Amino acid sequence: MSISAETSLRWPEGFHCPACGHAKAWWTGRGVLHCARCGQQTSVTAGTVFQDTHKPLRLWFRAMWTVTSQKHGVSALGLQRVLGLGSYHTAWAWLHKLRRAMVRPGRDQLSGAVEVDEVYVGGERPGKRGRGAAGKSIVVVLAEEDGAGIGRIRLQRVADASGQSLCGAVRQCVAPGSVVHTDGLSSYSGLAALGYRHEAIRKDPGEVGENLLPRVNRVASLLKRWMLGTHQGAIEPPHLDYYLDEFTFRFNRRASRSRGKLFYRLAQQAVAIDPVPESSLRGGKQLD
Ligand SMILES: [Zn+2]
């Protein structure tokens, strides 16, 4: 990675000293820029996900390349091996930090026509075993209809299958006025009142006919396969959200011809998000 590539990711409009606004600076080494006018020193990694890293930045770039160059991503053990990291925990923490960069801040809502269904994941055997399966997490799958195919997706973990939770997930992920296709579960009946054109496809929520919402079922089965395959099901419930973000990031860029673009997008977002303190990684994200 050249110096200019590092700085153009960090400062897309060009470097400006945060103290005096001057555009000229020189490198003092270890990612520190020295302002040519006022002498202020600015770390290229300060205020990014790479802040406080004790490893060379180029190792981070190799990590991002490893994560984006493989179709299904990489496990912590896999990353540790590829980078030759001494510690499994470091590889694990890096993957978690990068996952946080995989959600674009302020990303757009889905629109047009969107299929919505909820799926139960985690536990011994992921899968939809009827609503209310114990010990599993409930994930709302939202998939844009693009002709017969799938447009963009969102995955949203919810606390339960209540109307408040399921309609809340739709409200967060889908633009008002969109057509929303669900099954006949009564929890979705509040969607019309929220400004959606709601069409319930399935009359009987107990029915097994999974093909009525083919896009969300396809996404759900790919998600389950990915969780069991790449990560061998070893996903702790508090961290599930970040895995969902990674899956979404990959899925929504599945048509990208060039893996390099995926890499560049991840690098851009990694410098755009706030630092992730090590202490926040363990706990995972809490639901309200
Ligand atoms: Zn300055």
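The values are calculated or read from the model by the stated rules, or taken from the named source; none is laboratory data. Being a predicted model, the structure only gives us computed values, none of them experimental. No Cβ is skipped: glycine too gets one built from the backbone with ideal geometry, and neighbour counts run over all protein chains shown. Note: areas computed on protein heavy atoms with side chains; ligands, DNA, RNA excluded. Shrake-Rupley method; radii C 1.70, N 1.55, O 1.52, S 1.80 Å.
Report whether or not G86 is within 30 Å of R225 (Cα to Cα), in a loop (DSSP other than H, G, I, E, B) and not hydrophobic (A, V, I, L, M, F, W, C).
Taking the combined requirement at face value, the residue satisfies it.
Here is a check on your reading of the model: is G260 closer than 22 Å to R152 by Cα and either at pLDDT 70 or above or in contact with a strand residue (DSSP E or B) (Cβ under 8 Å, 6 or more places away or on another chain) (or both)?
Yes.
Would you check if T28 is assigned to a strand (DSSP E or B), of a type outside the set (A, V, I, L, M, F, W, C) and surrounded by fewer than 14 Cβ atoms within 10 Å (Cβ to Cβ)?
Spelling it out, T28 is indeed assigned to a strand (DSSP E or B), of a type outside the set (A, V, I, L, M, F, W, C) and surrounded by fewer than 14 Cβ atoms within 10 Å (Cβ to Cβ).
Residues to consider are S43, S87; find the one that is open to solvent by 30 Å² or more (accessible area, probe 1.4 Å) and within 15 Å of the ligand (Cβ to nearest atom).
Only one candidate qualifies: S43.
Examine region 126-136 for a residue that is at pLDDT 80 or above and open to solvent by 10 Å² or more (accessible area, probe 1.4 Å), and state whether such a residue exists.
For region 126-136, residues at pLDDT 80 or above and open to solvent by 10 Å² or more (accessible area, probe 1.4 Å): present.
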